[in-house]
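Written out below as structure tokens is the structure these notes cover.
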Amino acid sequence: LRSEYGLDSTVTYNGMDASDFSSLPPRAAKVPTILFVGGLEPRKGFEYLIRAMERVADVVPNVKLVAVAKTGFRGTDQWQTYKSLAERLKILDRIEYTESVDESTLLQFYSDCDVLVLPSKTEGWGLSLMEAVVCGKPVVASRVGGIPELVRDGLDGILVDTGDVRWLAEAIVSLLKNPALRRSMGARGRERAMQFSWDRTAQIVLDSYGQVLKSS
């Protein structure tokens, strides 16, 4: 807006009710666990995560990927496509896939995971990233769209270039191998997530309306 039209804008974000994630169940996972939450539409880059899993499994032999991924979008979005890729890479047994879960199960998945990964090609914001950081979990995500406005690289998580499978795998491994880093990133992320409450979002919108009314 500024470069093309000479206009400034007020930015506000999707809010988060942190109380929905305030009482996570005890961790039940017995192995290092990666979580993916999102649609299977091509823009989510799920194939990059599957390819990265091949490299991660070489270094962390008992690692597991839990994918909560809805189908039904246009393009290559059916689980069978990704299942075939995982079979070719000989990592299908490392992946637990489900299309949709109830709220209590999703909370359990967040509790069980060591890191949430969102390797999107494009992304407006990334709701699953916000849910993860509210739960005190570090994230690995692509450096696209609005993601860098939520995830501070090296502080709350690790940002990588879209499609760079090697870098994606290295980022995941670095977190799986370093519990202290996971804890520190998770704690900073949860603190930052408190800035994105619905009350704050609503106030920014109300203030903007008020300014417009005063000037009209």
- Quick one: grab Rg to one decimal and Dmax as a whole number for segment 111-181, Cα atoms only, in Å. 11.0, 30
- Message: Counting only protein heavy atoms and a 1.4 Å probe, tell me what percentage of the chain's accessible area is made up of carbon and sulfur.
- Response: 50 percent
- Item | Percentage relative contact order, segment 72-160, counting C-alpha pairs under 8 Å, at least six apart | 20 percent
- Mean ellipticity per residue at 222 nm, deg cm²/dmol - from DSSP H runs of n ≥ 4 across the chain, formula -39500 (n - 2.57): -13000 deg cm²/dmol
- Message: Given the chain, report the % of alpha carbon pairs whose separation exceeds 29 Å.
- Response: 27 percent
- Which residues' amide hydrogens lie under 5 Å from the amide hydrogen of Val115, considering only partners 5 or more residues apart or on another chain, with H built in the peptide plane? Thr33, Leu35
- Query: What net charge is computed for the residues neighbouring Arg182, neighbours being all others with C-beta under 14 Å from the C-beta of Arg182, Lys and Arg scored +1, Asp and Glu -1?
  - Reply: +3
- Heavy-atom accessible area per residue, segment 46-151, 1.4 Å probe: how many Å²? 41 Å²
- Message: In whole Hz and in residue order, list the ³J(HN,Hα) couplings for segment 115-124 that follow from phi through the Karplus curve 6.51 cos²θ - 1.76 cosθ + 1.60, θ = phi - 60°; x for Gly and Pro.
- Response: 7, 9, 10, 9, x, 4, 7, 9, 6, x
- Task: Mind checking the full-extension length gain between Thr98 and Lys30? Use 0.36 nm per residue of separation minus the Cα-Cα distance, one decimal, nm.
- Result: 22.6 nm
- Rg and Dmax [Cα atoms of segment 18-122; Å; Rg one decimal, Dmax integer]: 13.7, 42
- Message: From Cα pairs below 8 angstrom and at least 6 apart in sequence, can you work out the relative contact order of the chain, rounded to a whole percent?
- Response: 25 percent
- With every protein chain in place, the accessible area of Val151 for a 1.4 Å probe, in Å² rounded to the nearest 10, comes to 0 Å²
- Query: segment 80-109 to segment 125-152: how many Å between their Cα centroids?
  - Reply: 20 Å
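The values are calculated or read from the model by the stated rules, or taken from the named source; none is laboratory data. Being a predicted model, the structure only gives us computed values, none of them experimental. Here Cβ is always computed from backbone atoms with ideal geometry, including for glycine, and neighbour counts include all displayed protein chains. For the accessible areas, the whole protein counts, side chains as well, though only heavy atoms, and no ligand, DNA or RNA atoms are used. Shrake-Rupley method; radii C 1.70, N 1.55, O 1.52, S 1.80 Å.
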